[in-house]
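Written below as structure tokens is the structure these notes are about.
Bear in mind these aren't lab numbers, they're just calculated from the coordinates by the rules spelled out. All values reported here derive from a predicted model rather than from experimental measurement. Virtual Cβ from ideal backbone geometry, glycine too; neighbours counted across all protein chains shown.
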2 protein chains.
Amino acid sequence: MSEAGRIIGVLGGMGPLAGADFVARLTLAHDGTQDQDHPEVVLFSATQVPNRTKAALEGGADPLPAMLAGIRLLEQAGAGCIAIPCNTAHLWYDAMQAATRLPILHIVNAAAAALRAAGVAGGTIGVMGTPGTLALRLYEQRLEPLGYRCLTPSEAEMAELVIPGIAAVKANALDRARAPLLKAVESLAARGARAVVLGCTEIPLPLRGAGASVPMIDTIDAQARAALQWWLEAPALLAAQ
Amino acid sequence: MSEAGRIIGVLGGMGPLAGADFVARLTLAHDGTQDQDHPEVVLFSATQVPNRTKAALEGGADPLPAMLAGIRLLEQAGAGCIAIPCNTAHLWYDAMQAATRLPILHIVNAAAAALRAAGVAGGTIGVMGTPGTLALRLYEQRLEPLGYRCLTPSEAEMAELVIPGIAAVKANALDRARAPLLKAVESLAARGARAVVLGCTEIPLPLRGAGASVPMIDTIDAQARAALQWWLEAPALLAAQ
């Protein structure tokens with residue numbers, strides 16, 4: 001019954017609410033009137049992958065072996081592409097892509113498409129994320145060549161607003177996360193950002209429906225739309241192989 | 001990195017929002033401060049399973065082969081138990097359980113536990129669901145021996161409120177689903193139901209946070225709590241094998 005090659009593989013669990021939300025956003029982004037109109041998905045909520053920021057910045061346990069095992073699980077389940085709703089995990093993107101023949105949809109490419117869709121095709125933007133994502137310039141590396149200049153929160157804002165906000169989401173305390181994360185968005189806007197990329201998949205969850213003075217780029221939703229696009233184009237891609 | 005035997009397998013996609021929501025509820029039901037505190041999950045969003053009600057009542061395509069293929073996928077992915085966040089699919093429970101050595105958590109048992117937790121240990125309750133679930137008395141068969149008497153919506157209420165409400169959720173129109181489904185809940189309460197089981201996993205989605213005059217039993221949340229309980233007890237179960 002499965003549509004061979006068209007299953008969307010999701011390496012989630014980083015965190016688990018973001019992975020679940022990815023599947024919901026994928027559904028909500030697609031018009032359909034019955035279950036059968038929607039893509040088949042295999043989500044592996046790989047909660048036991050070691051902390052990505054700790055590995056990147058503090059010499060913590062390497063998350064790559066567990067992520068590669070997750071990719072192997074998705075391959076064996078019949079996935080035709082892989083989406084990873086965790087920005088920090090993309091610091092290991094090249095190593096993961098080298099280890100699988102399946103296309104791994106890059107979350108920064110998805111964010112760039114969402115920026116364009118929001119009418120921000122270049123110029124100064126804000127990028128929020130984990131300390132690992134920001135320190136290793138995940139967004140700058142792909143967005144600066146496209147004509148974007150990336151502002152990031154100050155060290156004090158990271159310590160007082162962004163890091164506690166992300167931690168609150170991971171502790172299921174979405175209400176507690178909202179105000180500090182929104183304050184960090186507005187600070188970037190005040191410094192000249194025309195849009196702010198919520199470049200950690202925990203951050204959009206408490207900010208849905210929260211008004212900000214500039215567009216907020218929801219990287220879970222952007223990644224889900226990229227996966228939906230892959231699924232819509234998959235029949236032609238598979239036919240061409 | 002995976003915890004052998006403790007992965008929660010989810011046969012979802014029936015519908016896709018309910019399956020995604022199951023993983024979210026599983027996360028929200030469990031205290032944790034970091035990703036690694038949460039269970040590993042494999043969700044197969046098996047959207048291509050033929051319509052369950054059509055098969056049960058109208059001679060539509062048999063959903064069992066596709067559901068068994070989904071169970072096989074979850075077994076191969078390393079699942080230690082299976083939860084199916086779709087009530088109507090449980091009409092094929094015995095055939096599915098006979099085809100796998102993994103325990104399949106029965107959604108009516110989960111609803112019964114939630115009823116007890118709500119202080120309703122017997123007596124008259126309401127049950128909403130698809131025409132298939134109600135016609136084949138899925139709830140009555142397991143709940144009447146426990147001392148419950150099940151009221152169900154009238155034919156007119158099914159046609160005007162419940163069926164359109166479920167269809168609206170499947171079309172992503174949650175706002176449109178809320179009023180008719182709540183009206184059906186209140187009608188059962190007015191007829192004497194001390195609680196109403198939302199016995200189709202589409203129904204809780206628009207009713208979260210909606211006040212009703214009696215407790216509403218959310219079968220997605222109940223099923224997620226049953227899976228969490230299995231996960232918490234799994235180390236002892238596995239050690240005893």
TODO: Mind ranking A:193-199, A:88-94 by how tightly packed they are, going by the mean number of other C-beta atoms within 10 angstrom, highest first?
DONE: A:193-199, A:88-94
TODO: Please tell me the relative contact order of segment B:108-219 in percent, rounded to the nearest whole number, where contacts are Cα pairs under 8 Å and at least six residues apart.
DONE: 32
Open item on the list: For peptide B:8-18, what's the mean number of Cβ atoms from other chains within 10 Å of each residue's Cβ?
Closed with: 4
TODO: Return the percentage of antiparallel bridges among DSSP beta bridges fully within the protein assembly as shown, rounded to the nearest 5 %.
DONE: 10
Task: B:Ile217 long-range amide H proximity, modeled H, under 5 Å - done: B:Val196, B:Val197, B:Leu198
Task: log10 of Debye I(q)/I(0), alpha-carbon scatterers only, for chain A at 0.09, 0.15, 0.16 Å⁻¹ - done: -0.36, -1.02, -1.15
TODO: For B:Lys170, list the aspartates and glutamates whose Cα falls under 14 Å from its own Cα; do not include residues on the same chain fewer than 8 positions away.
DONE: A:Asp31, A:Asp35, A:Asp37, B:Asp21, B:Glu202
Open item on the list: Limiting things to C-alpha atoms, what are the Rg and the maximum Cα-Cα separation (Dmax) for segment A:177-241, in angstroms?
Closed with: 15.9, 49
- [ ] Find how many whole Å separate the alpha carbon centroid of segment A:138-182 from the alpha carbon centroid of segment B:3-40.
- [x] 25
TODO: For peptide A:22-33, compute the average count of partner chain beta-carbon atoms within 10 Å of each residue's beta-carbon.
DONE: 5
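Return one quarter of the surface area of the convex hull spanned by the alpha-carbon atoms of the protein assembly as shown, equal to its mean projected area, in nm².
Quarter of the Cα hull surface area: 22.9 nm².
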Task: Nearest-first distances (nm) between copies at B:Arg176, label 7 Å from Cα via Cβ - done: 4.0
Task: Unit Cα scatterers, Debye sum, segment A:1-122: log10 I(q)/I(0) for q = 0.09, 0.15, 0.21 Å⁻¹ - done: -0.27, -0.73, -1.26
- [ ] Between the label point of B:Leu57 and that of the same position in each other copy, find the distances and list them shortest first in nm, with every label point placed 7 Å from Cα along the Cα-to-C-beta direction.
- [x] 5.6
Task: Relative contact order, percent, segment B:38-159 [alpha-carbon distance under 8 Å, six or more residues apart] - done: 21
Task: Over chain B, relative contact order from alpha-carbon pairs under 8 Å, at least 6 apart, % - done: 23
- [ ] Report the extension gain between A:Leu57 and A:Ala179 in nm, rounded to one decimal, defined as 0.36 nm multiplied by the number of residues separating them, less their alpha carbon distance.
- [x] 41.2 nm
Open item on the list: At 1.002 mPa s and 20 °C, plugging the Kirkwood radius over alpha-carbon pairs of segment A:1-54 into Stokes-Einstein gives what diffusion coefficient in µm²/s?
Closed with: 172
Open item on the list: If I stretch the segment between B:Ala29 and B:Leu146 completely, what's the gain in nm (0.36 nm per residue apart, minus their alpha carbon distance), one decimal?
Closed with: 39.5 nm
TODO: Report, as an integer, the average count of C-beta atoms from other chains found within 10 Å of each Cβ along A:91-97.
DONE: 0
- [ ] Give the nm distances, rounded to one decimal, from B:Glu140 to the matching residue in every other copy, measuring between label points 7 Å along Cα toward the beta carbon; shortest first.
- [x] 6.9
TODO: Could you give me the percent of Cα pairs per 5 Å distance bin for segment A:89-154, shortest bin first, beginning at zero and ending with the bin that holds the maximum distance?
DONE: 4, 15, 27, 24, 16, 10, 4, 0
Open item on the list: How large are Rg and Dmax for segment A:117-159 when calculated on the C-alpha trace, in angstrom?
Closed with: 10.9, 31
Open item on the list: Show me, bin by bin at 5 Å from 0, the whole-percent P(r) of segment A:108-218 based on Cα pairs.
Closed with: 2, 13, 26, 27, 19, 10, 2, 0
TODO: Kindly state, as a whole number, the per residue volume in cubic angstrom of the convex hull around the alpha carbon atoms of segment B:140-181.
DONE: 90
Task: Positive dipole terminus of segment B:108-219, leading residue within B:Leu181, B:Val127, B:Gly209 (C-beta point charges) - done: B:Gly209
- [ ] Starting from the Cα of A:Ala159, move 7 Å in the Cα-to-Cβ direction to define the label point; list residues of segment A:185-201 whose amide nitrogen is under 19 Å from there.
- [x] A:185, A:187-188
TODO: Work out from phi, with θ = phi - 60° and the Karplus expression 6.51 cos²θ - 1.76 cosθ + 1.60, the ³J(HN,Hα) of each residue of segment A:158-164, listed in order in whole Hz, and give x for Gly and Pro.
DONE: 4, 5, 9, 10, 6, 5, x
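Do the sum for chain A: with -39,500 (n - 2.57) for every DSSP H run of n ≥ 4, divided by all residues, what is the mean residue ellipticity at 222 nm, to the nearest 500 deg cm²/dmol?
It lands at -13500 deg cm²/dmol.
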Open item on the list: Just want the ordering: A:Glu75, B:Glu202, B:Glu155, from fewest to most Cβ atoms lying within 10 Å of their own Cβ.
Closed with: B:Glu155, A:Glu75, B:Glu202
